[in-house]
Every structure is written in C-alpha cells, then in structure tokens.
Amino acid sequence: MNRPNVLRIHPLVSRIVLFCLAALSWSAQAAEVTITADRLLDVRTGRMVQNPEILVRDGRIVSVKPAAGAPAAAAPGTAGARIALPGMTLVPGLIDMHVHLDSDPTYGGYSYLEYNDRFWSALAVAHASKTLDAGFTTVRNVGASDWNDVGLSQAIAAGKVRGPRIIPAGWSFGATGGHCDSTYFPPSMEEKNPYNADGPEEVRKSVRALRKYGAQVIKVCATGGVFSRNTEPGQQQMNYAELRAAVEEAAQWGLKVAAHAHGAAGIKDAIRAGITTVEHASLIDDEGIALAKKHGTFLSMDIYNGDYTALEGKKNGVLEDNLRKDREVTEIQRQNFRKAHAAGVKMVYGTDAGVHPHGGNGRQFAVMVKYGMTPLQAIQAATINSAEALGRADVGIVEPGRYADMVAVQGDPLENVQLLEAPAVVIQGGTVVKRNAP
C-alpha cells in the first residue's frame, strides 16, 4: 500500500517551533497599554483621582493607580504602549440605553417609503460610527427593522465596521394596532409587525423567536406612543398578564425586558410585572414613582429630543398629529423626570437617538442637569447606573476587569457637563478610536 510522504522534523526543532509559536501567542495576548491623564472621575464615589495611571491588557483594565507624576505630553494620535492625555479628565465610556441606529429623523411621516429596505441597514453603519465618536462606547438598541441591529452588532464585534458595543433587541413588539405595530397603512397593504402578540402565550412565543435570532434584550410596547399613528401616549395596550409573561419568558432565557410606556396605567403594570427599565415614562404619576422606587425599576426618560422635534420635525415631514403629541408630552415628561429623580428613583441615560440625530447623544446631559440632577448624577446615569440596569460588570466604570472604554475632555465635566457633548478623545478597549486635533 502506498503511504503519503510525511515531512519529518527533528524533535529539538519541533520543540523550538512550538516554543516560538507559544511566545508569539503570549505576546499577542499580553499586549499592554498605559493610559495617563490629569484626572479620572470615579463614578462610584464622585471623587477625582489625580494623575491616574491605567494599565490595560487585551482591552481590559488591569489596574488603576495614581501615577508618579503628571502625564507627559504626547503627539496627537499617539497609540501603542502609552496614551498620554495631559490636561484632560477621563470619564468611563458612556452608555445610551435607548437608541435606534437604523432610524434617521430627517425622514418623517411617509417620506421613508422612497427608499429600499436595505437603505436603513446602510445608514445604521454611519450612525454607529457617529455614536462612537460622541463618546458612547455602549448602546442598547431597543427596536430595529429587519434585524439591522443584530447584524450591525455582529459586524462591529467582528471588527468589520466601527461602532459601540450594541445590546440589540431586534424587533420591538406589542399589541396588534399598538405603538410597535405598523400603523400607517390601509388594510389592503397588510402591513404588520411580524411579532405582534395578543395574549400571554403569543407574548411568550415572540420572546422565544426574538431571542432565537439574536435579541439580547426584549423590548415591549405597553402603551401608545408619539410617533405611531392612531395611538395616544396614555393608552395602555398590553395588560399586566402580557407584560408579566414577557418578563417570565425573558428571564427563563437570561434576558431583561424594557417597556415603552408613556401612560400612567401602563407604567404601573410594567413595574408590577417586573420590567427592568421603563422607557419614556412621560405621564408617570405619584403612585408610579413610588412603585418604581419600591421595586428598584429604572426609568429611561428621553428629555432632550422634544427640543429637536419642535424645531425640525415639521421640516422633516413629521405629521401634524405626531407633532401635537410631542408638544403635549415634552414638558410634562421633564417635570416628571424632576419629580422621579427627587424621589430617589433609579435613572438611566436614554436619548431615543434616531428621533434626533445620532452623534448628538451627549446633549441630554445639560437637560438632565436643568431638570434637577447634578452633573455627577447625570454622568452616573450614563455609566454606573446603566451598567447596573444592563446587568453588565464589564462596562460603565473604570476599574480592573472591565473594558478599557473611556472618554476624555479638556476640563472638568463636574463643573461643565456640556464638555461631554463633544469629547476630545474616545478610547474603546484600550485603543484610541477618536482624537481631536489639539
């Protein structure tokens, strides 16, 4: 029987080759970078760490300690073994808990129908890049068409395109004819959300299907909304049994649930059902605030975007009925934000980017401060609070074991929170992904 030729290698040569390969592998795995700056905001305590020195290995923080001296100057764009940021303050990479990366506010009403479905997939790539440049290194995408957010998340994780870490929901869903359904078309067109759910068992089935295809959080629509047609924000559209079914089924698969809920009754049923975050919470009442505090429910209140819609909505084609609803809820939502925060309810940072332009996510910080938060509390909402709501121990804080995601600003954001609207430097996984010219 003929045998294939086998290349024979001397045992010593073999051991040398294996040693070299192992050394190369160890070197790649042990890639280190040191990051220094004038200050680092400790979001746990609110104090500034002076002259921090942050050791990063393989994209994760190994240690955080005061440096021996002030950071040395570094040329713009410096990367590699040392990232020196003299004169700057470091803050953990920011988290936006409510974005829609495949939405663009400049296409309002029916104008989006001029474009192919894949148009929005392409726009999502550009929107992700703008979001990262704005300093938001992690986002939760709570609703996308055609699995755009799941695919984008995979492409970013694979290093094919740039963008934040994405926790995708895939399709958000709710009741037939409700806010998360397709409500702009006549029956002859048979347009509908494929994951509509009427009754607890249909809810469970939708949760299972969404998880199957890549959802990492479940988004349900408990009430009507501003930008849907034939719904009012205060209307409850999913009942307690349906919301509870979503929570139970998601928990079985290790997922959390976010609930779109403007109306007081829907908010309260969402809280009682065990929802992790209530989105918008515009018309929350005193009982709802007390329930949120009792249950430890997080509120994600998008109190900036009403300004954009009021200024640009009509020009963008938003229908008058939607503009009316936005006018009716914007200031009420902001006053309820003030009340809920003053009562001690846990708050996260969610902007509904896609209703306003992506990349402007940081503009909400100043509005949160205007309506009752200190700059530190607003920053905590976008870092440590959001990480807690996500159940993530790898983002939101600059400390050992977490991703080396940070933003740097020239100045003190505790004195001027608007510095976070346009960070000078953005670091993701220990790599500078954006740096402004000095």
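The values are calculated or read from the model by the stated rules, or taken from the named source; none is laboratory data. Bear in mind that the values here come from a model prediction, so they are computed numbers and not experimental data. Neighbour counts run over all protein chains shown; Cβ positions are idealised from the backbone, glycine included. Side chains included, ligands, DNA and RNA excluded: accessible areas come from the protein's heavy atoms. Shrake-Rupley method; radii C 1.70, N 1.55, O 1.52, S 1.80 Å.
Residues of the stretch 63-83 being at pLDDT 90 or above and either within 28 Å of PRO375 (Cα to Cα) or touching a helix residue (DSSP H, G or I) at 6+ places or on another chain (Cβ under 8 Å) (or both), which ones?
SER63, VAL64, LYS65, ILE83, listed by residue number.
Can you tell me which of (1) outside any helix (DSSP H, G or I); (2) without any contact (Cβ under 8 Å) to a residue 12 or more places away in the chain; (3) of a type in the set (Lys, Arg) is the one ARG229 doesn't meet?
Among (1) outside any helix (DSSP H, G or I); (2) without any contact (Cβ under 8 Å) to a residue 12 or more places away in the chain; (3) of a type in the set (Lys, Arg), the lone unmet condition for ARG229 is (2).
The rows are residues; the columns are (1) among the basic types (Lys, Arg); (2) within 25 Å of PRO233 (Cβ to Cβ).
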{"position": "LYS315", "(1), (2)": "yes, yes"}
{"position": "GLN364", "(1), (2)": "no, yes"}
{"position": "VAL367", "(1), (2)": "no, yes"}
{"position": "PRO400", "(1), (2)": "no, no"}
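Out of all the residues in the stretch 362-377, which are more than 22 Å from ILE397 (Cα to Cα) and either hydrophobic (A, V, I, L, M, F, W, C) or part of a loop (DSSP other than H, G, I, E, B) (or both)?
Correct list: VAL367, TYR371, GLY372.
Which of the residues spanning the stretch 33-45 are open to solvent by 20 Å² or more (accessible area, probe 1.4 Å) and either in contact (Cβ under 8 Å) with a residue 40 or more places away in the chain or more than 24 Å from the chain's Cα centre (by Cα) (or both)?
THR34, ASP38, ARG39, ASP42, ARG44
For the stretch 81-108, what are the residues that are in a loop (DSSP other than H, G, I, E, B) and touching a residue at least 60 places away in the same chain (Cβ under 8 Å)?
Passing the criteria: GLY93, HIS100, LEU101, ASP102, SER103, ASP104, PRO105, THR106, TYR107, GLY108.
Which numbered condition trips up GLU415, out of (1) over 20 Å from the mean Cα position of the chain (by Cα); (2) closer than 22 Å to VAL433 by Cα; (3) among the acidic types (Asp, Glu)?
Here GLU415 meets the rest and fails (2).
Checking the structure you have, find out if any residue of the stretch 200-209 is farther than 25 Å from ASP285 by Cβ, buried (at least 24 other Cβ atoms within 10 Å of the Cβ) and not small (Gly, Ala, Ser).
Yes; the residues of the stretch 200-209 include at least one that is farther than 25 Å from ASP285 by Cβ, buried (at least 24 other Cβ atoms within 10 Å of the Cβ) and not small (Gly, Ala, Ser).
If SER129 meets every condition in (1) under 26 Å from ILE35 (Cβ atoms); (2) touching a Leu at 6+ places or on another chain (Cβ under 8 Å); (3) of a type in the set (Ser, Thr, Tyr) apart from one, which number is that one?
(2)
To keep it simple, each residue is scored yes or no on (1) free of Cβ contacts under 8 Å to residues at least 40 places away in the same chain; (2) of a type in the set (A, V, I, L, M, F, W, C).
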| site | (1), (2) |
| --- | --- |
| TYR112 | yes, no |
| TYR115 | yes, no |
| VAL125 | yes, yes |
| SER129 | yes, no |
| ALA157 | yes, yes |
| CYS180 | no, yes |
| PRO187 | yes, no |
| GLY199 | no, no |
| LYS212 | yes, no |
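So, in the stretch 378-396, exactly how many residues are touching a strand residue (DSSP E or B) at 6+ places or on another chain (Cβ under 9 Å), in a loop (DSSP other than H, G, I, E, B) and open to solvent by 10 Å² or more (accessible area, probe 1.4 Å)?
2
Residues being within 18 Å of HIS260 (Cβ to Cβ) and either among the charged types (D, E, K, R) or open to solvent by 10 Å² or more (accessible area, probe 1.4 Å) (or both): count how many of those fall in the stretch 210-225.
So the first thing to find is which residues in the stretch 210-225 are within 18 Å of HIS260 (Cβ to Cβ), and the list is 210, 215-225.
Subsequent filtering for residues that are either among the charged types (D, E, K, R) or open to solvent by 10 Å² or more (accessible area, probe 1.4 Å) (or both) retains 216, 219.
Summing the residues that are within 18 Å of HIS260 (Cβ to Cβ) and either among the charged types (D, E, K, R) or open to solvent by 10 Å² or more (accessible area, probe 1.4 Å) (or both) in the stretch 210-225 gives 2.
Just one of VAL125, VAL99 is touching a strand residue (DSSP E or B) at 6+ places or on another chain (Cβ under 7 Å) and either crowded, with 24+ Cβ neighbours inside 10 Å or at pLDDT 95 or above (or both); which is it?
The conditions single out VAL99.
Of all the residues that make up the stretch 235-254, how many are assigned to a helix (DSSP H, G or I) and under 25 Å from the mean Cα position of the chain (by Cα)?
Total meeting the criteria: 10.
Hey, can you tell me all the residues within the stretch 135-152 that are more than 17 Å from LYS219 (Cα to Cα) and either buried (at least 22 other Cβ atoms within 10 Å of the Cβ) or modelled with pLDDT under 95 (or both)?
Listed by number, the residues that qualify are GLY135, PHE136, THR137, THR138, LEU152.
Can you give me the number of residues within the stretch 153-170 that are surrounded by 24 or more Cβ atoms within 10 Å (Cβ to Cβ) and more than 15 Å from the chain's Cα centre (by Cα)?
Matching residues across the stretch 153-170 total 0.
Filtering the stretch 49-59 down to residues that are open to solvent by 40 Å² or more (accessible area, probe 1.4 Å) and either in contact with a Ser or Thr (Cβ under 9 Å, 6 or more places away or on another chain) or among the acidic types (Asp, Glu) (or both), which residue is farthest from ILE427 (Cα to Cα)?
Among those that are open to solvent by 40 Å² or more (accessible area, probe 1.4 Å) and either in contact with a Ser or Thr (Cβ under 9 Å, 6 or more places away or on another chain) or among the acidic types (Asp, Glu) (or both), it is ASN51.
Taking the options ASP307, ASP302, ASP286, ASP326, name whichever one is under 15 Å from ALA382 (Cα atoms) and either in contact (Cβ under 8 Å) with a residue 60 or more places away in the chain or of a type in the set (Asp, Glu) (or both).
ASP302
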